[in-house]
Amino acid sequence: MNHHHKRTLQKGIRIGLLLIGLMIVVIPMVYMVISSLKENSQTFTYPPVLFPKKGMLTIENYIYVIMNTAILRYMVNTIFVSLMTVLISSLVASLLAYAFARLPIPFKNIFYAMIISVMLIPGLAMIVPQFELAVRFNLMNSLWGVILFYAAWVIPFSTFMIRGYIEDHIPYELDESIFIDGGSVFSVYRHIILPMASPAIAAVSILNFLFPFEELGWSQAILKKDVLRTIPVAVTMFFQAHNRTDWGFVFAMTTLAMIPVVVFYLSLQKYFISGLTAGSVKG
């Protein structure tokens, strides 16, 4: 086998593996959207029909969900939690990343290792002390009780990603040019770090925005009022109330919940890949 044929074969294998991975990721989502457009009785047909005929599609599930649940309120709650989590975590993580990447802090590596080690501990593993903190600071039945703890969970990973981007892609000479002109460390952060590290900040922001749309345990533990529920809690309670059989309604609710995430991702898509691959190539 000559070199050209070998490269063609390797390329074909890579494309094939990517297609398999794409199918594994996309097919469940496609099935969910299609099932949300089918009558509930058709959800249990065997073998399952992935692409039903046009006459079999209906929007009755969406009408039922919108008319009989507070789905719009739940979406507003979740979007608010997501945006606040993104804002707090982006600000704190970018400041920490800048400090660990640039500033001469005593015992910096020890502090950084302590923050990064939190990534190894699942948030729900600390639910008991977190619950006690929420009670002590009167954060029960408050969206801020969800926001502050979510931000604390995602800040370590965000700091790790942004620090790697700063070290690999932002030359220290740019910092020195600000200092020569009489600027402070905050001037460097504002005029150099924030603009140039925006790909990494945007990448972690997408992941952090998604987090409240998929986390259930903590929000279910702390939010007891129906008016405060987030989408994961609302879907769970709705599913239980309908005897775990009305899959068409559940699929419709979860499909509606995807819309804000997709819109947020598309708005920051151009930064996502460059941010996630920040530390893979030395700049």
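Every number here is computed from the coordinates shown, using simple stated rules; none is lab data. Please read these numbers as outputs of a predicted model, since none were measured by experiment. Using ideal geometry, Cβ is built from the backbone for each residue, glycine included, and neighbour counts are taken over all protein chains shown.
Find all pairs meeting these conditions: Cβ atoms under 8 angstrom apart; at least six residues apart or on different chains; first residue within the stretch 152-174 and more than 22 Å from M84 (Cα to Cα); second residue among the charged types (D, E, K, R) and outside any loop (DSSP other than H, G, I, E, B).
What qualifies is I166/R102; Y172/R102.
From A200, A234, grab the single residue that is of a type in the set (G, A, S), farther than 21 Å from V92 by Cβ and part of a helix (DSSP H, G or I).
After applying the criteria, what remains is A234.
Working only within the stretch 213-235, note down all residues that are surrounded by 15 or more Cβ atoms within 10 Å (Cβ to Cβ), under 18 Å from L72 (Cβ atoms) and β-branched (V, I, T).
T230, I231, V233, V235
For a quick check of your reading of the model, give me the residue pairs whose first member lies in the stretch 63-92 and is farther than 16 Å from L210 by Cβ, whose second is aromatic (F, W, Y), with beta-carbon atoms closer than 8 Å and at least 6 apart or on different chains.
Y64/F249; V65/F249; T69/F238
Looking for whichever is among the polar types (S, T, N, Q), crowded, with 17+ Cβ neighbours inside 10 Å and assigned to a helix (DSSP H, G or I) here; the options are S205, S177, S187, S117. Which one fits?
S205
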